[in-house]
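Enquirer: A single structure is presented below for examination.
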Amino acid sequence: MIDNTFKIVASALNDNVERVVAHLFPNGKKEGNYWVTGNVFDTPATGGGSFKIGLKGKYLGICRDFNGDDKSYDLIDAWALRFSLSKSEALNEAAKFLSLPQDIPVKKVSAATETQKPVENIQKPINQNWNQKLVSRLRSNPLALEYLHKRSLTNETIQEFKLGLTHPYTNRDGVVLSDALAVPIRKVDGSFSNHHAFYAIEGVTKNPVDRNGWMKGKPQVYFTHAFRKQKKLIVCEGIKDAWVVYQNLKKNDLFSQFLVCSGTHGSSIPDEMKNPNFWTKFEKIYFGHDHDSAGNKMAEKLSEFVPLECYRLVCPSHYAPVKYNSDGSEKPENEWGADWTDFFLLDGCIEEFLSLIEDAPVISIDIQEEEDTLSEGRFTVAPVDINGAYINKKMYYPVQTLVRQKQTDDYQNTYFVERYETVVVRSDATVHKAVLSPAPKGTPESERVIRLSDGTLIRSTPKPNEFGTWNWSSINDYLNGRSSVRKTADLFKDVHQILKKSVWLPVEEDYTILALTVLATYVQNIFESVPLLFLNGPAGSGKSQTGIILSKLSCNGTVIGQVSAATAARHIDAARGFVVFDDLEGIASKVGRDGGQFSELVQALKVSYNKHTAEKIWTDVKTMRTERLNFFGIKLISNTSGADDILSTRMLRIQTRHMPETEQGNIHKFGVNEFKRIEKLRQELHTWAFKNCVFIDDLAALSNEKSGRFDEIALPLRVIAKLVSNECEKELEVALAKQKTVVVETNDPIETLKEAAKNLIKEGFIQFTITQVILELRTLLDENYGAGMTNEIPEWQRPEWVGRQLRTLGFLDTKDLGRASLFGKRLKIMQFNKYAINEVVQELGATINDFREPFDFCKGCQTCPYANNTCELRPQRLQQEQKAKSNYS
């Protein structure tokens with residue numbers, strides 16, 4: 001039956017084609033055998049027109065857009081597209097237009113899955129007899145007419161819009177409703193439908209449904225007059241304002257320029273207005289909503305559906321009466337809600353109205369500074385990467401869990417289904433998972449908002465950390481209140497002892513730096529800046545062993561070996577903890593054609609000490625795919641030569657040397673049991689961090705007196721040292737004071753000589769010997785550097801060269817201190833002058849109080865920092881020590 005109905009209506013449309021197309025496309029015109037307009041939505045053609053409908057011959061009733069996809073369709077399809085209707089609704093509309101029997105059922109008419117709803121009464125034309133009765137009731141009610149006249153409406157306007165008063169009506173609760181202002185909905189073609197909106201008139205309307213207005217059904221668009229190729233559209237906030245604007249446009253013969261419309265349901269947007277094609281018929285669109293925040297918001301919401309620039313037409317606030325808050329205080333002017341009824345009531349002239357239109361600003365979407373989950377609007381966003389984050393006094397740690405659920409099949413058999421789900425443990429002993437916030441229909445997946453179940457806005461769904469070191473057993477104990485944590489001092493002591501037993505360092509204070517660094521890795525996200533460690537020393541001096549033991553002690557500790565720069569970058573991002581570069585030179589040697597990637601990695605490392613600069617967009621040179629990587633965190637970079645000048649300013653330097661034979665009995669190679677104890681300590685450190693994060697944050701805020709980058713990176717260590725003991729604080733400050741001497745990483749012997757001299761001054765050797773300077777140089781340069789042959793003594797190891805260069809640098813005092821004997825050697829005593837001392841004092845930011853004697857550097861081979869360098873004093877000293885030991889025995 002339906003197929004037959006379609007054929008009947010389609011045939012009737014073709015038989016009346018010229019009347020049909022004039023109704024559907026009033027902006028078009030007849031050209032030969034075709035009706036021509038801009039497009040199927042009847043946008044006025046700017047040229048000859050590309051949308052054509054055949055009026056006779058073999059193309060009778062065929063519609064085609066020659067600037068579109070060249071698709072052809074019949075008049076029923078065109079009717080549906082023109083008015084954004086389903087095909088069934090278009091069929092009914094066409095049947096009514098042609099006065100055909102209207103018994104066409106509205107249901108699914110194609111393979112599409114949409115089930116059409118019955119057509120609403122809005123599609124029916126106005127019942128003239130019934131409307132005339134309502135109009136008569138209005139004319140006979142002086143109070144109702146007075147209400148309309150006070151809104152500046154003339155009798156002619158009242159008559160134009162067929163306004164009336166409703167008859168008495170008893171609802172299902174027995175309440176009588178009557179005398180509401182009845183407003184038939186006017187459509188885009190200027191005709192009236194049988195659907196009405198209603199307004200309450202104070203003192204006239206009895207028992208109104210709403211004190212303002214109401215209407216059954218979905219929101220509709222109300223037009224004041226017919227669309228006839230007008231280029232400009234004015235959208236009012238309400239129908240009553242639209243009448244006033246219409247009346248003044250008509251008085252000044254401006255209908256050919258402007259069309260006026262309004263929604264019927266206040267802040268609810270009609271479906272028609274959500275279709276971009278509704279707006280494209282116009283060149284300029286003005287949103288003339290009330291002058292207040294609600295009006296601005298509504299104009300902005302509507303503008304999001306408009307595929308072109310639109311304008312905010314605002315009535316000046318001084319036309320509105322003053323509005324007051326509930327407490328009696330006066331509202332600001334921009335909340336008085338000035339509207340166009342106010343404007344024309346107070347003799348606002350059409351010239352001023354047109355001037356306001358001319359000067360109307362383009363609507364710009366308002367983006368609020370702070371996101372508030374309880375209010376509507378558009379907000380700036382700063383989603384966080386939740387992996388290891390510290391936000392609002394809480395730490396977060398992602399962990400993968402297995403979710404097992406019971407299900408029942410069609411035969412009532414029960415079985416288990418399983419999946420992995422990453423949840424986030426919070427430091428207040430709660431667990432949260434990621435959820436998608438509700439979104440409007442049709443929102444692309446890429447634009448969905450993801451939050452934790454605690455409301456935190458996150459960048460992406462949490463992912464399990466394959467380098468995570470906090471195990472579930474320990475996490476579960478923490479969540480259930482079963483975990484106990486010792487004092488920070490006890491944890492520090494354990495870490496310090498493990499380091500002392502596993503690695504040998506020539507500078508005792510460096511153990512304090514490393515032990516505090518281990519604790520800092522667990523709370524590093526509390527701080528804005530963290531230190532990078534530079535482990536420097538000759539090959540075979542224990543750098544790899546130091547890196548391994550630190551990675552075993554630290555949070556999410558990992559070691560990066562000789563991999564590509566891209567792999568290293570992704571490793572850092574994935575780990576979000578302590579990362580050891582076992583050999584940065586090894587990575588550099590592997591770059592080959594990807595040298596740019598290594599440079600990019602080094603640049604990222606330079607800024608990775610600071611949380612706000614550590615995120616970088618990384619481009620894969622092979623696939624050209626970009627990804628956001630987070631490089632923030634404490635790192636240990638091991639190298640045999642040195643870091644570049646910029647990178648070294650973010651670093652604390654840890655020196656390694658070949659271990660003296662006398663120390664080898666104190667260093668142990670750890671076995672399975674030792675590493676089990678280290679793992680247990682690591683679990684306790686994770687719990688310690690979660691329990692103490694707020695206290696550490698508060699202490700950091702009190703201690704944060706930054707005076708430069710050095711103090712920034714030292715802050716985490718200083719805060720944790722406060723938690724350990726006063727003695728630890730003092731040891732750290734001694735270690736940091738030694739760090740402040742500028743380290744010039746270079747193979748230039750003269751620059752290295754400057755470094756060696758400053759290191760001696762830093763240690764308190766104002767008076768010194770050339771022998772000690774050469775020993776210091778041997779710790780900084782490869783012993784054969786500058787030698788043409790292996791048995792040749794390099795120039796920088798010759799006393800006369802060292803003395804000459806120190807004088808050239810202006811470091812020596814002219815005072816003659818003579819010579820003194822040390823183990824059979826007559827050594828000349830020299831002294832640094834005030835210039836050299838002041839340079840070091842300025843770099844240290846403190847005076848040097850602990851002065852040493854010239855021979856204090858040689859206190860015994862067992863503890864000598866130069867024990868692994870060639871030392872001319874050593875044979876004679878060992879001989880004398882052996883002789884003294886024999887005499888004693």
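This table checks each residue for (1) of a type in the set (A, V, I, L, M); (2) at pLDDT 75 or above; (3) not assigned by TED's automatic domain parsing to the domain that holds Lys274.
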position	(1), (2), (3)
Gly48	no, no, yes
Arg64	no, yes, yes
Asn67	no, no, yes
Asp70	no, no, yes
Leu75	yes, yes, yes
Arg82	no, yes, yes
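Enquirer: For the stretch 501-508, indicate whether the set of residues that are crowded, with 20+ Cβ neighbours inside 10 Å, under 24 Å from Arg628 (Cα atoms) and in the same structural domain as Leu699 (by TED's automatic domain parsing) is non-empty.
Expert: No, that holds for no residue.
Enquirer: Would you confirm, using the coordinates I've provided, whether Lys108 is outside the structural domain of Asn277 (by TED's automatic domain parsing), at pLDDT below 80, more than 20 Å from Ala197 (Cβ to Cβ) and surrounded by fewer than 19 Cβ atoms within 10 Å (Cβ to Cβ)?
Expert: So Lys108 passes the test.
Enquirer: Would you mention how many residues in the stretch 9-33 are more than 14 Å from Phe97 (Cβ to Cβ) and either surrounded by fewer than 21 Cβ atoms within 10 Å (Cβ to Cβ) or modelled with pLDDT of 90 or more (or both)?
Expert: 7
Yes/no matrix, rows are residues, columns are (1) in contact (Cβ under 8 Å) with a residue 12 or more places away in the chain; (2) surrounded by fewer than 17 Cβ atoms within 10 Å (Cβ to Cβ); (3) not in a loop (DSSP other than H, G, I, E, B):
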residue	(1), (2), (3)
Asp241	yes, no, yes
Val244	yes, no, yes
Gln247	yes, no, yes
Asp253	no, yes, no
Ser256	yes, yes, no
Leu259	yes, no, yes
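Enquirer: Identify the residue in the stretch 321-349 that is aromatic (Phe, Trp, Tyr) and assigned to a helix (DSSP H, G or I) and, among all such residues, is nearest to the chain's Cα centre (by Cα). Talk me through it step by step, then tell me what you get.
Expert: First, the residues of the stretch 321-349 that are aromatic (Phe, Trp, Tyr): 324, 336, 340, 343-344.
Of the ones still in play, those that are also assigned to a helix (DSSP H, G or I) are 340, 343-344.
Numbers: Trp340: 42, Phe343: 44, Phe344: 47 Å.
Filtering first and then ranking leaves Trp340.
Enquirer: While we're here: Between a first residue in the stretch 710-727 that is over 15 Å from Asn610 (Cα atoms) and a second residue that is outside any helix (DSSP H, G or I) and polar (S, T, N, Q), which pairs have beta carbons less than 7 Å apart while being 6 or more apart in sequence or on different chains?
Expert: Sorted first by the residue in the stretch 710-727, then by its partner, the list stays empty.
Enquirer: Restricting attention to the stretch 410-429, which residues are under 15 Å from Thr687 (Cβ atoms) and not charged (D, E, K, R)?
Expert: Correct list: Val425, Ser427, Ala429.
Enquirer: Output yes when any residue across the stretch 735-748 is modelled with pLDDT of 90 or more, of a type outside the set (Val, Ile, Thr) and touching a Lys or Arg at 6+ places or on another chain (Cβ under 8 Å), and no when none is.
Expert: The answer is no; no qualifying residue exists.
Enquirer: Follow-up question, since we're still on this one. Which condition number in (1) at pLDDT 85 or above; (2) closer than 14 Å to Trp79 by Cβ is the one that Phe41 fails?
Expert: (1)
Enquirer: Cβ-Cβ under 8 Å, sequence separation 6+ or interchain: first residue in the stretch 331-354 and free of Cβ contacts under 8 Å to residues at least 60 places away in the same chain, partner loosely packed, with under 14 Cβ neighbours inside 10 Å and part of a loop (DSSP other than H, G, I, E, B). Which pairs?
Expert: Lys331/Val322; Lys331/Asn325; Trp336/Pro321; Trp336/Val322; Asp342/Pro321
Enquirer: Among the residues of the stretch 639-655, which ones are modelled with pLDDT under 85 and surrounded by 14 or more Cβ atoms within 10 Å (Cβ to Cβ)?
Expert: Asn639, Thr640, Gly642, Ala643, Leu647, Ser648, Thr649, Arg650, Met651, Gln655, listed by residue number.
Enquirer: For Gly561, indicate whether it is over 39 Å from the mean Cα position of the chain (by Cα) and more than 22 Å from Leu736 (Cα to Cα). Steps first, please.
Expert: Details: over 39 Å from the mean Cα position of the chain (by Cα): no; more than 22 Å from Leu736 (Cα to Cα): yes.
Taking the combined requirement at face value, the residue does not satisfy it.
Enquirer: Which one of Leu699, Leu681, Leu685 is more than 30 Å from Cys861 (Cα to Cα), free of Cβ contacts under 8 Å to residues at least 60 places away in the same chain and in contact with a helix residue (DSSP H, G or I) (Cβ under 8 Å, 6 or more places away or on another chain)?
Expert: Answer to the selection: Leu699.
Enquirer: Just name the residue that is surrounded by the fewest Cβ atoms within 10 Å (Cβ to Cβ) out of those in the stretch 153-190 that are of a type in the set (Ser, Thr, Tyr) and either more than 30 Å from Leu346 (Cβ to Cβ) or at pLDDT below 95 (or both).
Expert: So the residue we want is Thr170.
Enquirer: Quick one: which strands (runs of 3 or more DSSP E) lie wholly within the stretch 532-602 and hold at least 1 residues that are out of contact with any Lys or Arg (no Cβ under 9 Å at 6 or more places or on another chain) and either surrounded by fewer than 23 Cβ atoms within 10 Å (Cβ to Cβ) or at pLDDT 90 or above (or both)?
Expert: Details: elements: 532-536, 558-560, 579-581.
By residue number, 558-560.
Enquirer: Go through the stretch 826-848 and give me each residue that's touching a residue at least 24 places away in the same chain (Cβ under 8 Å), over 30 Å from Gln876 (Cα atoms) and either of a type in the set (A, V, I, L, M) or in a loop (DSSP other than H, G, I, E, B) (or both).
Expert: Selection gives Ala836, Ile837, Val840, Leu844, Gly845, Ala846, Ile848.
Enquirer: Right, another one. Given the structure, is Gly217 at positive phi, out of contact with any Leu (no Cβ under 9 Å at 6 or more places or on another chain) and in contact (Cβ under 8 Å) with a residue 24 or more places away in the chain?
Expert: It is true that Gly217 is at positive phi, out of contact with any Leu (no Cβ under 9 Å at 6 or more places or on another chain) and in contact (Cβ under 8 Å) with a residue 24 or more places away in the chain.
Enquirer: Let me ask something else about it. Kindly check whether there is at least one residue in the stretch 508-528 that is in contact with a strand residue (DSSP E or B) (Cβ under 9 Å, 6 or more places away or on another chain) and among the small types (Gly, Ala, Ser).
Expert: Checking the stretch 508-528: not a single residue is in contact with a strand residue (DSSP E or B) (Cβ under 9 Å, 6 or more places away or on another chain) and among the small types (Gly, Ala, Ser).
Enquirer: I want to confirm something. Restricting to the stretch 474-487 and keeping residues that are in contact (Cβ under 8 Å) with a residue 60 or more places away in the chain and small (Gly, Ala, Ser), which single residue is nearest to Ala434 (Cα to Cα)? Give the derivation first.
Expert: Pass one, the stretch 474-487, residues in contact (Cβ under 8 Å) with a residue 60 or more places away in the chain: 474-475, 477-478, 483, 485-486.
When the remaining residues are screened for being small (Gly, Ala, Ser), the result is 474, 483.
On the way: Ser474: 22, Ser483: 26 Å.
The residue in question is Ser474.
Enquirer: Hey, another quick one. Within the stretch 118-233, which strands (runs of 3 or more DSSP E) (wholly inside it) include 2 or more residues that are under 30 Å from Glu309 (Cβ atoms) and among the charged types (D, E, K, R)?
Expert: Correct list: empty, since no element meets the threshold.
Enquirer: Would you mind telling me which numbered condition in (1) modelled with pLDDT of 95 or more; (2) buried (at least 19 other Cβ atoms within 10 Å of the Cβ); (3) closer than 27 Å to Ser267 by Cβ; (4) not assigned by TED's automatic domain parsing to the domain that holds Pro270 Leu138 fails?
Expert: (3)
Enquirer: Continuing with this model, one more query. Going residue by residue through the stretch 667-686, is there one that turns out to be over 37 Å from the mean Cα position of the chain (by Cα), surrounded by 14 or more Cβ atoms within 10 Å (Cβ to Cβ), at pLDDT 90 or above and part of a loop (DSSP other than H, G, I, E, B)?
Expert: Within the stretch 667-686, none of the residues are over 37 Å from the mean Cα position of the chain (by Cα), surrounded by 14 or more Cβ atoms within 10 Å (Cβ to Cβ), at pLDDT 90 or above and part of a loop (DSSP other than H, G, I, E, B).
Enquirer: Can you tell me which residue is modelled with the highest pLDDT among those in the stretch 350-386 that are in a loop (DSSP other than H, G, I, E, B) and of a type in the set (Gly, Ala, Ser)?
Expert: Ala360
Enquirer: List every residue pair whose Cβ atoms sit under 7 Å apart, with the two residues 6 or more apart in sequence or on different chains, where the first one lies in the stretch 747-769 and is surrounded by fewer than 21 Cβ atoms within 10 Å (Cβ to Cβ) and the second, anywhere, is outside any helix (DSSP H, G or I) and among the basic types (Lys, Arg).
Expert: Going by the 7 Å Cβ cut-off, the qualifying pairs are Glu763/Arg852; Gly764/Arg852.
Enquirer: Shifting gears a bit: Does Lys96 satisfy being more than 20 Å from Ile8 (Cβ to Cβ) and either surrounded by fewer than 18 Cβ atoms within 10 Å (Cβ to Cβ) or at pLDDT 85 or above (or both)?
Expert: The answer is no for Lys96.
The values are calculated or read from the model by the stated rules, or taken from the named source; none is laboratory data. The shown structure was predicted, so the numbers you read here are calculated from the model rather than taken from an experiment. When we count neighbours, we look across all protein chains shown, and the Cβ atoms used for this are built from the backbone with ideal geometry, even at glycine.
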